[in-house]
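The values are calculated or read from the model by the stated rules, or taken from the named source; none is laboratory data. Remember, it's a predicted structure, so these values are computed and weren't measured experimentally. Because the Cβ atoms are built from the backbone with ideal geometry, glycine has one as well, and the counts that use them run over all protein chains shown. Note: accessible area is taken over every heavy atom of the protein model, side chains too, but ligands, DNA and RNA are not part of it. Shrake-Rupley method; radii C 1.70, N 1.55, O 1.52, S 1.80 Å.
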Amino acid sequence: MRGIDGPGDLARPFRFRIEGNMSTDLERLDELKVALSYGEQVADAFGFFHDTFLSDPEFAGAGEAVTEAPAGLMTALEAIGRRGLAVPTEEPVIADLRLARIPARHFVYGTGTLSGYLVTVLLFEDANLGAVAVKRDETKVLYSRFALTPSAAPGATAPPPHWFRRQGRN
């Protein structure tokens, strides 16, 4: 990886407010976790996430800015960049990664760029399960789900995701 723009591990974190009532029930994140775990198409899980949560302006207020990427996430994004973008000779560049965490649900989500392509990340930390959507152009999106393997030693980086699957284009 050739780095992330800005200070610290993550560039320009989101600003969040924690107060207020959300019209979207955060327990619906369990439905999203099931869709990521067992659904045939990752695109369906992203559609559910967008329709259920991102369409609610109060959803952003339910999270807190992430200042350090969860263990193994950067490694997973690098692996997806190498395999999914078919540029094995170049190091993937992860930039402008902005993540939010909903601690009560062990859920991290956000956006950034991966080698110049817009990427959306979903991650359930309690299940070490995540997914990415990489927008390759106006009509092509690469979807991939991944499982993070917790590292054995404290401070060690997690190995690349042990499950990678390219799923269709929309």
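Annotations for the structure displayed:
- Yes/no for Leu118 being buried (at least 16 other Cβ atoms within 10 Å of the Cβ) and more than 11 Å from the chain's Cα centre (by Cα): no
- Per-region count, the range 51-74, residues within 13 Å of Val132 (Cα to Cα) and open to solvent by 10 Å² or more (accessible area, probe 1.4 Å): 1
Okay, residues lined up against (1) closer than 12 Å to Pro70 by Cα; (2) of a type in the set (A, V, I, L, M, F, W, C):
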position	(1), (2)
Pro103	no, no
His106	yes, no
Gly112	no, no
Gly116	no, no
Thr120	no, no
Glu125	yes, no
Val134	no, yes
Thr139	no, no
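- Only one of the numbered conditions (1) at pLDDT below 90; (2) within 20 Å of Val141 (Cβ to Cβ); (3) part of a helix (DSSP H, G or I) is not met by Leu32, and that is (1).
- Positions within the range 35-55 being part of a helix (DSSP H, G or I) and of a type in the set (S, T, N, Q), in sequence order: Ser37, Thr52
- Filter result for Glu78 (open to solvent by less than 50 Å² (accessible area, probe 1.4 Å), closer than 30 Å to Leu26 by Cα and in contact (Cβ under 8 Å) with a residue 24 or more places away in the chain): yes
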